[in-house]
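Working notes, beginning with the structure itself.
The values are calculated or read from the model by the stated rules, or taken from the named source; none is laboratory data. Quick caveat: nothing in here was measured; it's all calculated off a predicted structure. All Cβ positions, even for glycine, are placed from backbone atoms using ideal geometry, and neighbour counts span all protein chains on display. Side chains are part of the model used for accessible areas, which takes the heavy atoms of the whole protein and leaves out ligands, DNA and RNA. Shrake-Rupley method; radii C 1.70, N 1.55, O 1.52, S 1.80 Å.
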Amino acid sequence: MGRDFFAVTSVLITDGHELAGLGAARSLGRAGHVVSVAVPQGIDAPVGKSRYVARVIASPNPWADQPAYRQFLQSEAPKHDVLLPISEAAILATAACRHDLGRTLLLLPSDASLRYTLSKYHATRAAQAAGLAVPPTVFLSDGNWPADLLPLVDSLAGLGYPLLIKHDNCLLPSGQYVRGKTERVDSPLQARALLAELRALGAQVIAQKPIPGHGAGVFLLRHGQKTLLRFAHERLHEVPYTGGVSSLRMSCHDEKLVAQSERFLAALDYQGVAMCEFRKTPSGEPLFLEINGRLWGSLALALHCGVDFPRTLLLAMQGMPVPAQSDYPDGLRCRNLLPGEVSHLASLWRAKDVSLSDKLVAAAKQVLLTFDPQIRHDHFWFDDPEPAAKQTQNWLSEFAQRLRGRVERNRQMQSDKALLSEELARTESRFGALPTPRRILTLCLGNICRSPFAEHYLRLSAMQKGLPMLVVESAGFLHHDGRATPTRFVELVKPHGVDLSHHRAQRVQREQIDAADLILVMDVQNLRAFHDEFPDAVGKTFLIGALAKSHSPEIPDPYLLPVREAEVSYRLLAESCAAVITRIVHKSTLRRL
């Protein structure tokens, strides 16, 4: 296709730091358009080095602040003939103010189409209605949640555990646009805890059975009830290696899957670009997962194959002639080296269930790919090499920073190991010398998850063991005063008889330290923080797991853990609390004798 088909226009592309933004800039800039890219403030993106980019504009982050981003669009977009939003957050903001952007041509789907592209819930329902095969699914909420979650949890029994709970992006009252996530749960308790949190967000949620296999994508451009472009690829490497974004993918012709996707989008009267994502089972059956109504991270492969989605989309939206698509080659591979392939290999090397021989073979194949002249790349293009150089520079800088952090963490780990060893060696003698505690203080980092649970569980155990006069308090080392315990943890601890729904975090005060007879901390980090701030009270301070003679002297912080691991952490903490109370009862009995 030549430049004669295009009128030269000024184009603003959002999210230039993303691969799709870089690909779109190259496509439209190569076609002769004047391309400006918006990049969130503070990001030094490779797209700024592209020969096809005239200007880089600093913008707010559409995921962090939707109101600010919409103001940015209302101010900047009317200066350009065309606006092409890349990320789902930028698409949401553009759709919200599509009538306030003057005469700027917007390259995004209609609001009706966005209903499906921004929601796995509605897309999966539509796929079922259109006759597409989907994983075994339970539709949990379209955003309207019941007061009682028990029927929803009961409805999951038919899927069996483990299962995947998937929620769509959520716009919070604060203006933050929270990315949708997929989280595995292994039990009804974990499901209820996660659903309680998602109910608080007002999220749209489905649950599905995990499906083994690999990802496959069909890429289409529909305009005026016609499919203008078709493309398909197979993912060869993913990050992590068990499944995720592709770091190496290969063009292919899957006519059956393409036709299936075309019929589906036609049934929705979809207009614009879309990626229909599938999971292919080991037997080869494709199961529909979602529609992405935006340009995708693997766009470079299609461009290398001569299938130019951004350019053709603009032509169609301008009402200009669109040349018929020519065929593209099978088996062309495109690679994301930094960070994609490095991250893929790293995830493989960290895996305990992959043999050393398989890891070595994978590493050797990566080296051979690096010297294969037939391989195409996301960042490196022969006619536009500087973005690759910038990406390499950025990656090396980040790698050096991570390496310094790793060295520092290793140094800290060695120090923590020594402190833990010393603590374990002295626990019994120090506790034996203490008088029977009448007042206990539990501490963790933020007083949000662990220490309040320990406070309530110790108090409950004390009552059951005949110690009603034992006073228990909790606090944290961070200034998180007033913060509530996250909803998922409130639900997760209910089977232990603990209610944290009214708990509010507080920073530890000197008066609490002085008043306590026994101070219990959760991990070595807490212990080190205590040593630094209250060295005079170290004698009455213990790791709760060590005092309980637990197999794990440290209690993992559940705050950033998946819900299934958080449940294990609370179970361990409950066992430790019960053991501590038993020791106090025993000490009290000995004192009376």
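Which value, in Å², gives the accessible area per residue of the chain when a 1.4 Å probe is used on the protein heavy atoms? It would help to have the intermediate numbers written out before the result.
Details: 26480 Å² over 593 residues.
Accessible area per residue, the chain: 45 Å².
Output the pairs from K465/K587; K209/K280; K120/K256 with a Cα-Cα distance over 21 Å in this structure; if there are none, say none.
Details: K465/K587 13 Å; K209/K280 14 Å; K120/K256 23 Å.
Result: K120/K256 exceed 21 Å.
Give me the Kirkwood hydrodynamic radius of the chain in Å, from all C-alpha pairs, to one decimal place?
Working: mean 1/r = 0.0367 Å⁻¹.
For the chain, the Kirkwood estimate is 27.2 Å.
Apply the Debye scattering formula to region 234-391, with a single equal point scatterer on each alpha-carbon and no solvent, then give log10 I(q)/I(0) at q = 0.11, 0.12, 0.18 Å⁻¹.
Each listed q corresponds, in turn, to -0.54, -0.64, -1.30.
Viscosity 1.306 mPa s, temperature 10 °C: what is the translational diffusion coefficient of region 354-459 from Stokes-Einstein with a Kirkwood Rh over Cα pairs, rounded to a whole number of µm²/s? If you can, show how the numbers build up before the last one.
Numbers: Rh = 20.4 Å.
This corresponds to a translational diffusion coefficient of 78 µm²/s.
Over the chain, what is the relative contact order in whole percent, taking alpha-carbon pairs under 8 Å and six or more residues apart? Mind dumping the intermediate values first?
Details: 1094 pairs, mean separation 67.5, N = 593.
Relative contact order, the chain: 11 percent.
If the label point is 7 Å along Cα→Cβ of V361, which residues in region 214-239 have backbone nitrogen under 19 Å from it?
From region 214-239, the list is 214, 236-238.
How much FRET efficiency would the formula 1/(1 + (r/R0)^6) give for Y559 and K79, where r is the Cβ-Cβ distance and R0 is 25 Å, rounded to 0.05?
Working: r = 43 Å, r/R0 = 1.74.
Taking R0 as 25 Å, the efficiency between Y559 and K79 is 0.05.
Hey, got the Cα dimensions of region 112-214 along the principal axes, in Å, largest first?
Result, largest extent first: 36, 32, 25 Å.
Please express the Cα-Cα pair-distance distribution P(r) of region 1-151 as a list of whole percents, one per 10 Å bin, running from 0 to the bin with the greatest distance.
Going from the shortest bin to the longest, the percentages are 10, 33, 28, 18, 9, 2, 0.
Can you list the residues, at least 5 places off or on another chain, whose amide H is less than 5 Å from the amide H of L332, using H built in the peptide plane?
Hits under the 5 Å cutoff: S251.
With the convex hull built on the Cα atoms of region 113-152, state its orientation-averaged projected area in nm². Present the calculation step by step, with values, prior to reporting the outcome.
Details: hull surface 14.0 nm².
Taking a quarter of the hull surface, the average projection is 3.5 nm².
Around E238, which amide H atoms from residues at least 5 apart in sequence, or from another chain, sit under 5 Å from its own amide H, with H modelled in the peptide plane?
S247
Quick one: which of 205-211, 515-521 comes out on top by average Cβ neighbours within 10 Å, and what's the full order, highest first? Could you put the intermediate results ahead of the total?
Details: 205-211: 20.1, 515-521: 23.3.
So the order, starting with the most tightly packed, is 515-521, 205-211.
So, by mean Cβ neighbours within 10 angstrom, what's the order for 152-159, 30-37, 72-79, 169-176 with the highest one leading? The partial results should precede the final answer.
Values: 152-159: 15.2, 30-37: 21.9, 72-79: 17.4, 169-176: 13.5.
Result, highest mean first: 30-37, 72-79, 152-159, 169-176.
If you wrap a convex hull around the Cα atoms of region 454-560, how much volume per residue is inside, in Å³? Let's see the in-between values first.
Working: hull volume 13.4 nm³, N = 107.
Cα convex hull per residue, to the nearest whole number: 125 Å³.
Obtain the nm distance between the two label points defined at K417 and Q509 by a simple spin-label model: each point lies 7 Å from its Cα along the Cα-to-C-beta direction.
Distance between label points: 4.1 nm.
So, with a 1.4 angstrom probe, what is the percent of accessible area on the chain that is carbon and sulfur?
Details: 14290 of 26480 Å².
Ligands and nucleic acids excluded, carbon and sulfur give 54 percent.
Taking Rh as the Kirkwood radius, which is the inverse of the mean 1/r over Cα pairs, what is the Rg/Rh value for region 388-541?
Using Cα coordinates only, the ratio equals 1.09.
Only Cα pairs under 8 Å and at least 6 apart count here; give the relative contact order of region 428-514 as a rounded whole percent.
Working: 137 pairs, mean separation 29.4, N = 87.
About 34 percent, as a whole number.
Highest mean first, what order results for 321-331, 187-197, 99-109 on Cβ atoms within 10 Å?
Values: 321-331: 12.1, 187-197: 21.5, 99-109: 16.4.
Listed from highest to lowest mean packing, they are 187-197, 99-109, 321-331.
Using Cα pairs closer than 8 Å and at least 6 residues apart in sequence, work out the relative contact order for region 241-362, in percent. Spell out each step's value before the answer.
Numbers: 105 pairs, mean separation 41.0, N = 122.
Computed value for region 241-362: 34 percent relative contact order.
For L228, enumerate residues with amide H under 5 Å from its amide H, sequence gap 5+ or separate chain, H modeled in the peptide plane.
Those qualifying (amide H under 5 Å, at least 5 residues apart or on another chain) are L221, R222, H223.
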